[in-house]
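Every number here is computed from the coordinates shown, using simple stated rules; none is lab data. This structure is a prediction, so every number in the text was calculated from the model and none was measured. Here Cβ is always computed from backbone atoms with ideal geometry, including for glycine, and neighbour counts include all displayed protein chains.
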Amino acid sequence: MKQSIQIVIYSMAFVLVSCAQDGQVDKRAEENINEVEQVKQIEQVKVINVEEGMVSHPYQRIDIIKPADKASSVVTQSIVKSRMNDSREKYVSKGRMVLIKKHSTMGYIAPPNIYPESYAQSYTKTNTETNTEKYSHVDDNPTKLVNQQPVSTFSIDVDTASYANIRRILNQGRLPRHDAVRVEEFINYFSYDYPQPAFSHQVRSHQEPSFPEPLHQEQKPFSVYTEVAPSPFNKDKYLIHIGIQGKKIINSERPASNLVFLIDVSGSMNNPNKLGLLKNGLKMLTNQLNKQDKVAIVVYAGAAGTVLEPTSGDKHYAITDALARLSAGGSTNGGAGILAAYNLARQSFIDGGINGVILATDGDFNVGTVNQNALKNMVEEQRQSGIYLSILGFGRGNYNDALMQELAQNGNGNAYYIDTLNEARKVLVEELSSTLMTIAKDVKIQVEFNPETVSEYRLIGYETRVLKREDFNNDKVDAGEIGAGHTVTAIYEISLINGKNKLFNPLRYSSSNDHSTGTKPEQKSEQKPEQKSEKVNERELLKKELAFLRLRYKLSEQDESKLIEFPIIMSDIKSNLQAASNDFKFSAAVAGFGQWLRGGKNLSTMNLGRVISLAQNAKGNDKNGYRGEFINMVKLAQALEPRVSKSSLPKKFANPPVNGVMEPKAHFQLISH
C-alpha cells in the first residue's frame with residue numbers, strides 16, 4: 001500500500017513538472033515568433049533609409065551572419081541585428097561604412113575578397129565580448145602658414161601607452177580606431193642615440209656641436225639635438241627632427257624611493273591579462289628596490305584599503321606575498337583609492353627622494369568620483385604635495401584610455417600600457433630610473449619659423465600637448481616631465497619658400513613680398529647708408545636660418561624655469577634622405593606608420609611598404625629587439641589592410657582604393673577602422 005502511494009505521488013510530481021516545462025516552451029516559442037516579427041519589421045524600416053548595399057558599423061568588422069532558419073536562432077541573432085541598426089542610425093552621417101548584401105534578413109559581409117577572413121570580428125553567440133574602450137577624440141595638427149602663425153608651442157610627452165595598446169589591438173587581428181593612435185607616443189617608445197649631456201646644454205646638428213662646453217659648469221639634465229633632411233611623407237618637403245636626451249642614472253645612484261602601489265581589484269580586473277599580469281609586473285619592480293626604498297600597497301574596489309603599510313624595499317618576500325594575496329571583485333571606486341594612496345605617500349615622504357603613486361588599473365571607474373574633470377581636479381590638487389602619479393594600464397574591452405591620459409598628464413607622471421610581461425619588464429626593470437626619477441619638469445618647446453625661408457609647417461603628433469604662445473614664458477602653466485635617461489623626439493614637416501609642393505596657394509591680392517597672406521608690407525622710410533647696410537647684413541644672416549628653437553624647463557626641485565635657445569640653420573639640411581642618420585630615418589618611419597593608422601591624410605609618398613623598407617634600412621643596433629618588433633607590427637598591419645579589387649566593387653564606386661581605403665563618389669566612405 002505504501003509503495004502504491006509513493007508511485008502515485010511521483011507520477012503527480014512528474015506531470016506537474018512536465019506541464020511547467022510545456023508552459024515555458026510555449027512562452028519561449030511565442031517570444032521567438034515575436035522576435036522574428038520585430039526583426040522583420042526592423043529590417044523593412046531600416047534598410048530603406050540607407051543607400052543600397054551600405055550599412056554602417058563603428059570601428060569593428062562584422063563577420064558573416066547566415067540567415068536564420070529557426071525561430072530560436074533568430075532570437076539569438078536579434079541582438080546582432082539591433083546592434084547593426086543602432087550603428088547604422090548613429091554612424092551613417094559620419095560616412096563610416098562597410099559593404100553588405102541587402103537581401104539577407106540578418107545581413108552579411110559581401111565578397112570575401114574585400115575583407116580578409118582575419119579581419120572579421122564575429123558577432124555570434126560564441127563571441128559576447130563587448131568593446132567599451134574609451135578614447136579622446138583629437139584632430140591631426142593642421143598645416144600652418146608661417147606668415148600667419150610663425151610660432152609653434154607645445155609640451156613634451158614621454159608616454160608610451162598608445163604604442164603598446166595599438167600593438168595589442170593589431171595582435172588581436174584588427175586595425176585600431178584613429179583616436180587610439182597618438183603619433184608622438186609611437187616615436188617616443190624608442191630610444192635614440194642622442195649625445196649625452198656633459199657640462200653645458202649641448203646643441204648639436206648631425207655633424208658638429210653649436211658651441212664649446214665649459215668644463216667648470218655642472219652637468220645639465222639633458223642635451224638637445226637637431227637634424228634636417230628631406231621628408232619621406234611628401235615630395236619636396238623636409239623634416240626638422242628635434243631630439244632631447246636626458247642624463248642617464250644607473251640604479252645604484254638612484255635616490256631613495258617612496259612608492260605607493262595603488263591597485264584596482266574590482267571585478268573588471270578579474271582576468272589573467274589584468275590582475276594576473278599586474279601582480280607579476282609589480283613583483284619584477286619590487287626585485288629592483290633596496291633597503292633605502294619604501295613600498296606600500298593600497299587597493300580599491302567598492303572602497304579603498306591598505307594592504308601593506310610602508311615597508312622597506314629590501315623585504316621582497318613581504319611585498320610579493322601581499323601582491324600574491326590580492327583577488328578581484330566588486331565595483332570600482334577609483335577616486336577613493338587615489339586619495340588614500342596620496343595620504344599614505346605623504347606619511348612616508350622622503351625629502352630629496354622620489355615620491356610617487358603608481359596606479360595600476362583598466363580605468364573602469366564606476367562608483368564614487370567617476371567624472372573625468374573631477375578626477376583631474378583631484379589629481380591637480382594632490383600634485384602640489386610633490387608626489388607624482390603614474391599610470392600602468394591593463395586589459396581590453398573596457399580600457400579607459402581617455403581617463404588614463406588625463407590623470408597621468410595632470411599628475412606630473414607618465415602613462416604606460418602593459419599588454420605583455422615583456423612590456424612590464426621594459427617599463428619596470430629596464431627603464432626603472434626613467435619611470436621613477438624626474439630630472440626636469442614642465443619642459444616646453446617653442447619653434448619660431450623664419451618667413452624668409454619657410455612657407456608652411458606641420459607638427460607631427462602632440463595634439464593633446466599643444467600650448468598657447470604665451471604659455472611658454474608662464475611658469476604656472478604645467479607641462480611634461482623628462483625621466484632619467486629618457487629620449488624625447490619631436491618632428492616638424494616644412495615647405496620651403498621656393499618649394500613646389502605647398503597646400504596653400506599664394507593670395508592674388510597680397511604684396512609680391514608676401515608669399516602667402518595679405519599682410520601689409522613694411523612701410524618704407526629714409527635710412528642712413530650705415531643703417532641700410534646693417535639691415536642688409538641682418539637680413540642676409542636671417543636668410544641662413546630655418547627656425548629658432550627655444551626650450552624651457554625646471555629642475556625637479558625648483559619652481560623657476562631656465563631657458564635654452566639657438567637657431568636651426570639652412571646649412572644643416574641634408575641633400576637626400578639616405579644622408580640622414582639612422583635615428584632620423586627610423587623615427588620618420590615610426591611617425592609615418594602612426595600617421596597611416598590615423599588615416600594618412602597627410603601622406604602622399606608614404607605607404608606601409610615604404611615604412612617597412614625605411615625602418616629596415618635604419619634599424620641599426622637593435623639591442624633589445626624593439627625595432628625589429630616594430631617592423632613586424634607594420635607587416636601585420638599590412639596583412640590586415642583591406643584589399644579591394646576594382647572589378648569587385650559596385651559601379652557607384654568610381655575612384656580606386658588609396659592605401660587600401662576606398663573613396664566612393666558619394667559622401668559614403670569605407671575606412672580602415
Exercise. How long are the three semi-axes of the equivalent ellipsoid for the range 424-472, computed from the Cα gyration tensor as the root of 5 times each eigenvalue, in whole Å, largest first?
Worked result: 33, 14, 10
For this session: Go from 0 up to the bin containing the longest alpha carbon distance in the range 316-471, width 10 Å each, and give me the % of pairs per bin.
Result: 9, 32, 35, 16, 7, 2, 0
Seminar exercise, completed: Expected sort for 445-453, 481-489, 561-569, 618-626 on mean C-beta neighbours within 10 Å, highest first, is 481-489, 445-453, 561-569, 618-626
Exercise. Applying the Karplus parametrisation 6.51 cos²θ - 1.76 cosθ + 1.60 with θ = phi - 60° to the phi angles of the range 420-436, what ³J(HN,Hα) value in whole Hz is obtained for each residue in order, glycine and proline being reported as x?
Worked result: 9, 5, 5, 5, 4, 5, 4, 6, 9, 10, 4, 10, 4, 4, 5, 5, 8
Exercise. If you stretched the chain out fully between Ser136 and Leu555, how much longer would it get, using 0.36 nm times the residue separation minus the C-alpha to C-alpha distance?
Worked result: 147.8 nm
Problem set entry | Inter-site label distance for Ser510 and Thr464 at 7 Å from Cα along Cβ, in nm | 3.4 nm
Problem set entry | Spin-label model distance (nm) - Ala374 vs Ser604, 7 Å beyond Cα toward Cβ | 5.0 nm
Seminar exercise, completed: Amide H proximity to Ile354 below 5 Å, modelled H, separation 5+ or other chain, gives Ala256, Ser257, Asn258
Exercise. Seen from all sides and averaged, what is the projected area of the convex hull of the Cα atoms in the range 434-509, in nm²?
Worked result: 7.4 nm²
Exercise. Given labels modelled 7 Å from the Cα in the Cβ direction, how far is it in nm from Leu421 to Ser327?
Worked result: 2.3 nm
For this session: Would you mind checking the range 454-475 for residues with the amide N under 20 Å from a putative spin-label position 7 Å along Cα→C-beta of Lys562?
Result: 472-475
